[in-house]
Amino acid sequence: MLRVIADIGRDGIHRSMRATPYLLVFTALCACSIEPTPQHEKIIAAVEQRVKLPPGSGGLRCYERHYALLKGPEAVRRFGGANVPGGQLLVAEYVRGGKPGVYWHRDVKDLPDNTDAGCRVLEFDYIPGYPKWPYEAWCSPDIAGYQARTVNPPVHC
């Protein structure tokens, strides 16, 4: 619940609204939750230097790059119930068009919808610190479950 205090001026007409410290703390917590930490930035720098996109994708500069770093049980669930070395899993979705750049999300539920996206959305999962991980993104499946291996028509940006 949001508590707002009204200040009434001497003339009884002038009113200004100010938020209590509760609102400020709530706003600060929400705003900071999607800002990348130095750990996030380090992981992304390593990933974006190595990730291999499907043929015809046009390169990372053509995509909004959405990331969520899962930890503990969330990472295990996403990884099909298997143990995740290091306990962390980076989930990425690269969305063609829009405003290219890096976007952080608290949870995979906050990532863009990739239902029936085909090669408009490229997907990538990565275990930070796992040296043998394949740095390869793939096209999202379409509604029929088909997963293309190349982006067709090719992307140019």
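When segment 119-142 is filtered for residues that are out of contact with any Leu (no Cβ under 9 Å at 6 or more places or on another chain), modelled with pLDDT of 90 or more and over 16 Å from residue 64 (Cβ atoms), only 141 remains. Return the residue satisfying two criteria in turn: it lies in segment 62-114 and is in a helix (DSSP H, G or I) and not charged (D, E, K, R), and of such residues it is nearest to residue 139 (Cα to Cα). Per the stated criteria, the residue is 62.
Assess whether residue 109 counts as being closer than 27 Å to residue 151 by Cβ, touching a strand residue (DSSP E or B) at 6+ places or on another chain (Cβ under 7 Å) and surrounded by fewer than 17 Cβ atoms within 10 Å (Cβ to Cβ). Considered against the rule, which asks whether it is closer than 27 Å to residue 151 by Cβ, touching a strand residue (DSSP E or B) at 6+ places or on another chain (Cβ under 7 Å) and surrounded by fewer than 17 Cβ atoms within 10 Å (Cβ to Cβ), residue 109 comes out as no. Please find, within segment 87-112, the residue that is farthest from residue 73 (Cα to Cα) out of those that are without any contact (Cβ under 8 Å) to a residue 60 or more places away in the chain and hydrophobic (A, V, I, L, M, F, W, C). The selected residue is 95. Taken over segment 112-136, the criterion of being surrounded by 15 or more Cβ atoms within 10 Å (Cβ to Cβ) and touching a Ser or Thr at 6+ places or on another chain (Cβ under 9 Å) is satisfied by 114, 117, 118, 119, 120, 121, 122, 123. Based on this model, can you work out whether residue 139 counts as touching a residue at least 40 places away in the same chain (Cβ under 8 Å), crowded, with 17+ Cβ neighbours inside 10 Å and over 17 Å from the mean Cα position of the chain (by Cα)? So residue 139 fails the test. Quick check on segment 63-73: of everything there that is surrounded by fewer than 18 Cβ atoms within 10 Å (Cβ to Cβ) and in contact (Cβ under 8 Å) with a residue 12 or more places away in the chain, which residue is nearest to residue 127 (Cα to Cα)? Going through the qualifying residues, I end up with 71. Only a single item in (1) in a loop (DSSP other than H, G, I, E, B); (2) at negative phi is not met by residue 42, and it is number (1). Does residue 155 satisfy the condition of being buried (at least 17 other Cβ atoms within 10 Å of the Cβ) and in contact with a Gly (Cβ under 6 Å, 6 or more places away or on another chain)? So residue 155 fits the description; yes.
Among the residues of segment 115-139, those that are assigned to a loop (DSSP other than H, G, I, E, B) and over 19 Å from residue 48 (Cα atoms) comprise 115, 116, 117.
The values are calculated or read from the model by the stated rules, or taken from the named source; none is laboratory data. Predicted, not measured: the structure shown is a model, and the values here were computed from it. Glycine gets a Cβ as well: all are built from the backbone with ideal geometry, and neighbour counts include every protein chain shown.
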